[in-house]
Structures are given as structure tokens and as C-alpha cells.
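Colleague: One structure is given below, represented as C-alpha cells, and several questions about it will come after.
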Amino acid sequence: MNLKHYYRQQFLELITQFEHHWEEDPLYHYGFRWHSETNSSYKEIFQISQFPDETLYMIYTIELPDTYKRTNIHDVVRSASSPYELSMYYFADKILLSACVCIDFLQQTSLGFLNQARGELIDLVFSAIQIQNI
């Protein structure tokens, strides 16, 4: 079993116990990807990705509605300090906010990473809303 499959198996075991709402995307070609839509205000994506000739990464993404474009979330994310690589992508109808870590630097389980990244991204989202309302 290679590392990519090891982390997939670990994630499957953990979500079976703690977060049953994740659905795997069988069409993803660069590793494994799951979607969750349990929260009406945002969608979640978790990936274990490996592109050809590159190392393995875990990526947690939240999809925010376009209403967040009227906040200063860009400034908050740009100035954030995080152990993860943070990215933000703007689309016509949504914003994707991601936290990424190389497996070489992972210091917790796959679900541990997801929960820590989720907490950090949600903190950034709420910080942006609070700053906008001041």
C-alpha cells in the first residue's frame, strides 16, 4: 500500500466513526477527493492529491457564496499566519478558500488536519465579517 492509499484508508476509517456526511468523488484523477454539504452556508472539499512527479498533499477547501466578495476576506487571508499554505480563488458565483499541507510536514491524522484547517479557515471567514462591520 502506497502513502496515498494509506491516508485514504485512514480518512475513510475516521469519517466512518466521526463525520459520516463525506461523499467520495470517484472521478477525481489526482488522488482522492470528498465533498460535504451539511452546512447550508458553505460546502467543504477534502483532497489527498498527488500530481505526476510531485509529492503528496492534503487540501481542505471551503466554498463560500459570492456575498463574501463584499467583505475584506482577501485582506484577512493575505495577512493570516498559518502552518498551512493558504489560497483563495474567486469565481463569478463563489470563493474557494483552501488550506494545504505537504504530507512531509503533516503532524496529525488526515481528519486532524481537516479539523485544524477547518477551524483556521472558519476563523478567517468570521474575522473578515467582523472587520467589515466595524
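The values are calculated or read from the model by the stated rules, or taken from the named source; none is laboratory data. All figures in this text were calculated on a predicted structure; none of them were measured in a lab. Methodologically, a virtual Cβ is constructed for each residue, glycine included, from the backbone with ideal geometry; neighbour enumeration extends over all protein chains shown.
Colleague: Pull up the stretch 1-44, narrow it to residues that are of a type in the set (Phe, Trp, Tyr) and either more than 16 Å from residue 104 (Cα to Cα) or touching a Leu at 6+ places or on another chain (Cβ under 6 Å) (or both), then point me to the one that is modelled with the lowest pLDDT.
Modeller: Step by step, filter the stretch 1-44, then rank; the result is 42.
Colleague: I'd like the full set of residues that are touching a residue at least 40 places away in the same chain (Cβ under 8 Å), assigned to a helix (DSSP H, G or I) and surrounded by 12 or more Cβ atoms within 10 Å (Cβ to Cβ), limited to the stretch 1-20.
Modeller: So in the stretch 1-20, the residues touching a residue at least 40 places away in the same chain (Cβ under 8 Å) come out as 3-4, 7-8, 10-11, 14-15, 18-19.
Applying the additional criterion that residues be assigned to a helix (DSSP H, G or I) yields 3-4, 7-8, 10-11, 14-15, 18.
Of everything in the stretch 1-20, those that are touching a residue at least 40 places away in the same chain (Cβ under 8 Å), assigned to a helix (DSSP H, G or I) and surrounded by 12 or more Cβ atoms within 10 Å (Cβ to Cβ) turn out to be 3, 4, 7, 8, 10, 11, 14, 15.
Each row is one residue, and each column tells you yes or no for (1) surrounded by fewer than 18 Cβ atoms within 10 Å (Cβ to Cβ); (2) of a type in the set (Asp, Glu); (3) modelled with pLDDT of 95 or more; (4) more than 23 Å from residue 25 (Cβ to Cβ).
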position	(1), (2), (3), (4)
46	no, no, yes, no
52	yes, no, no, no
69	yes, no, no, yes
78	yes, no, no, yes
82	yes, no, no, yes
110	no, no, no, no
127	no, no, no, yes
131	yes, no, no, yes
